[in-house]
Amino acid sequence: MAVLIRPISLFCLLLLLAACGGGGGGGGGGGVARPEANVSADVTEVNAGEDTVQLDGSASSSPSGDITTWQWRFLSVPEGSEAALDGADTDRASFTPDLPGTYVVQLVVNDGAADSADTAPSRVTITALNPNPLAVVTEEINWILGTVQLDGSRSLPPDGGDANLLVYDWTLTQKPEGSSAELDSGNLAYPRFTADEVGRYQAQLVVRYGDKASQPATVNINIVEEKAPPVAAIAPLDETVPRGEIATVDGSPSEDPNGGELQYRWRFTSLPAGASGEFLNGSDKQAQARFVVDSAARAFYRLELCVYNGVSRTCTRPFQVNVAAPEGENTPPIAVIAPAYNATWEAERGAAINTSGGSSYDLDGDALTYQWELVSAPDGFDAEANSSLDSCTNSTCWPGFTPTVDGDYVVRLTVSDGEASHSVTETFTAILGANRPPSASAAIAGAATVLVGVTATFDGEGSTDPDDNRLDYQWTLLDRPNNSEVVLQGENTAFPTLTPDQAGPYIVKLVVTDEHGWASSEREVVLMAKSANNTPVTRISKLSHLYTSPPWMTSQIHWDAEQPFVIASEWENYLYNDTPIEYRRDYFQLLADSYDPDQDPLSHLWSLVEAPQGNRMETNSANLCDGDNWHPFNSQESWAEYQDRVERMREWACADPQLSPTEPGRYVFEYSVYDGSEFAGPFTATVQVVDRENYPGLLLEVPVMGQSGQLDPPPALIDGDQNLRQAVFPLEVRTGNSRSGGAFYWGGPIQFYTFRLSAVGEDFTLVDLATPSNNPLYEPRFMDLTHDRVITEGYVIPQGTSIDVAWQVVVPNSEIPANYTEKDTLQDRIAEAEITGFFRVQEREGWTFSLGGIPRS
């Protein structure tokens, strides 16, 4: 213990000396008398976002003269606060607390000789309350043309309130001249709009909580033009280039709309047989590329030009340079024998071997004739019965043989251009278990775009060998941006790395070779490096199964304590490849509507961080995820094994998992998104879940896909629960100009829409009923089908009962249709009457149901 006491004591002594001014520093050393800061505030308790605090330091004093400088500063603010001091360098300052919590402000004054000390009179503490909801936004956004997302998610309810009950009301209050920008969903925490003009936009947010509303919060959005991508273009090349001469391809028509300097990259996408494929003097990185046309075997070369402007890369479509056969002296052809596709020089005994002479060529482009022969074969091989080599005389047939005996088979090919000929021999070795070529797979481990200075890892682990041979890896850096000096690290491993030192594209190639020396085809991958990154933007929402169907219903779902998700435990059975399949029909959906300003590909991850004990997310018809990240039933496992695997999952690598919980309670999810450079999040979403018998209010259930129109009389009630899904208030049904709402006809009213209301825990009253019509011939109404009663003002749904409700229109008997033509005509007339329907649930604030737009035929 004695060993510890001395250093600690020494440390305390040093602190004491510092507090006493020992060792100088701080403007007050050497015994100089300090000025004294003395502050006050006009109020010490205010409402956040509403009241401004006036600070006064004029009572400060100095023993040696006048005070020369004033400096106000925050010592502490609530987490996330962006409050700023106005007049921070004067004797009187002010600020508006933007978040509830405690703000400690200090004043430091200087009289030209020393700063004031940190004393109690130099500080003031302000407490900010929020008796009203508080709208919190980012005050300024600087962005580029395109999608802009606003964020009101940090808005707060009144003290003690539930943030899930906040109602958002965004408006776009200013936009540049000529802009047609509109908010997509002004009732969301994260609305978006498309900035279509450069200039200044302004949006305003008011949040409401019950009958209370916040002060408006304003965000200024400054929009500038994004750097446009470069334009890659090649000048026309009308003439045909004779073999042996130099071809020049011209990319100087390429341009950067931003006026920047371009980097040029030429490459061949297709070469004639026998061509060298080499550019002269590094011209492949210049606006004009030059190469020797050294083969006319296929009569053309194809090239691609890519240009890079420091931000983005653009490539042309393949450009063709035609080649003319030379005049004069003839060049002999070249014979080439290749094994069949996906084969090597080892031949499987007993299997047909097809050889190929298609790679043979004539540099002059002359047509060739082919002559095949089996030069030698192992003893016991019957060539007459097992070889067709001598039957092939052109490049389009595939001569072959079937080796029936182990050993070497020597094949000769002779090609002729009519004046000269050339022969070549190759040996096939027949064995059992012949070697087959490997296959290379080149990828990037992670995102294909990284920041300069961030190490990227390439992944060749997906490379395979059909014979399970050991593979050797050879990665090659084919291209890098101008002035880059990077090299690949670990180029002979499955996972080489590269750390970009310049912004731009890095092209890497992989070839794998098996232990017999046979190489795969080449595989290329492009890594883009950039000097700066914009973080992905996300908005989180929660949906019902219902809302995956046509968008004729709108509602803002919270799945909160007031309107939780109901476990319906609806199951469906069917056969899949003779396997009995059972899955849940009811589920909720978490939706991360994410995008990346840089157009980088995104990786998504939802995690379940809190759930009731014993819960399993049961298998549903959506297989948990939409898009490219489903967890489908695998025929390699039984349905029971699949269910067990899926139901034990607690993470889902997609933007919109669809989940069917088994236990009531509180579920907390976190979402993160990654663009290859930066993570955004985690964002949190909470879902409250209950059993049906414990629903805390009036349960609303609506048709999943609408109801089909028909002339026959329908049943009095909704046909079973399978056609219904849970919805929440407030709900608006917009049938628009289609028949998605359906229409039923029988000897009286026309029924356009049905839904179910179930009262749990108490009675509920329907008030403010409205069913206006512009045509007095048509009388709209809400009808209680369960009790065959018209729903009128003050209609009570008793506790523990459910009613099926129809939205109907009563028409004169003379207009009841007798056929489909009359039905369509009547439906059009009713649509012209602009009939709507509305009611409110008296016992719950903001619970409304709206129907609008009778569908036309």
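The figures follow:
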| quantity | calculated |
| --- | --- |
| Eligible lysines near LYS285 by straight Cα distance, threshold 29 Å, same-chain separation 8 or greater | LYS227, LYS509, LYS530 |
| Gained length - HIS787 relative to GLU582, 0.36 nm times residue gap less alpha-carbon distance | 70.3 nm |
| For HIS516, HIS787, order by how many other beta-carbon atoms lie within 10 Å, fewest first | HIS787, HIS516 |
| Karplus (6.51, -1.76, 1.60) ³J(HN,Hα), θ = phi - 60°, over the range 797-803, in Hz, Gly and Pro reported as x | 9, x, 3, x, 10, 10, 10 |
| Proxy reagent accessibility, fewest Cβ within 10 Å first, across VAL810, VAL841 | VAL810, VAL841 |
| Order of ILE431, ILE750 - criterion: other Cβ atoms within 10 Å of each residue's Cβ, fewest first | ILE431, ILE750 |
| Degrees separating the helix 2-19 axis from the principal Cα axis of the chain, which is the longest one | 60 degrees |
| Value of relative contact order over the range 260-327, rounded to a whole percent, pairs C-alpha under 8 Å and six or more apart | 35 percent |
| Gain in span if fully extended, ARG666 to ALA235, counting 0.36 nm per residue against the direct Cα distance | 148.7 nm |
| Relative packing of 61-70, 465-474, which averages over residues the other C-beta atoms within 10 Å, highest first | 465-474, 61-70 |
| Calculated from backbone phi, Karplus (6.51, -1.76, 1.60) coupling profile of the range 297-305 in Hz, x at Gly/Pro | 4, 10, 6, 7, 10, 10, 10, 10, 10 |
| Cα gyration tensor shape for the range 346-431, rounded if a/c is under 1.5, else prolate or oblate | prolate |
| Contact order normalised by residue count of the chain, Cα under 8 Å, 6+ apart, percent | 6 percent |
| Relative contact order of the range 45-129, defined on C-alpha pairs under 8 angstrom at six or more residues apart (%) | 37 percent |
| Label assignment, P(r) over Cα pairs in 10 Å bins from 0, in percent derived from the structure, set (i) 2, 8, 12, 14, 15, 14, 13, 10, 7, 3, 1, 0, 0; (ii) 2, 11, 19, 25, 25, 15, 4, 0, 0; (iii) 2, 11, 20, 23, 20, 13, 7, 3, 1, 0, 0 | (i) |
| Helix-derived mean residue ellipticity, 222 nm - over the chain, DSSP H n ≥ 4, -39500 (n - 2.57), to 500 | -1500 deg cm²/dmol |
| Cα shape, the range 443-530, gyration tensor, a/c 1.5 rule | prolate |
| Proximal charge balance of GLY210 [Cβ under 15 Å; K/R count +1, D/E count -1] | -4 |
| Backbone HN-Hα couplings from phi across the range 247-259 [Karplus 6.51/-1.76/1.60, Hz, Gly and Pro as x] | 9, 10, 10, 10, x, 5, x, 4, 8, 10, x, 8, x |
| Ranked by how many other beta carbons lie within 10 Å on average, peptides 817-823, 362-368 from highest | 362-368, 817-823 |
| Paramagnetic label zone (point 7 Å from Cα along Cα-to-C-beta, THR173; backbone N under 17 Å) in the range 116-142 | 134-141 |
| Full-stretch length increase - ASP468, GLU641 - with 0.36 nm per residue and alpha-carbon distance subtracted | 59.4 nm |
| Between helix 820-832 and the chain: long-axis angle, C-alpha atoms, 0 to 90°, nearest 10 | 50 degrees |
| Packing-based ranking, highest mean first, of 228-238, 91-101 given that Cβ atoms within 10 Å are counted | 91-101, 228-238 |
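Only the coordinates and a few stated rules stand behind these numbers; no lab work does. Just so it is clear, the model here is predicted, and its values are computed rather than measured. Here the Cβ is made from the backbone with ideal geometry for all residues, glycine too, and neighbour counts use every protein chain on show.
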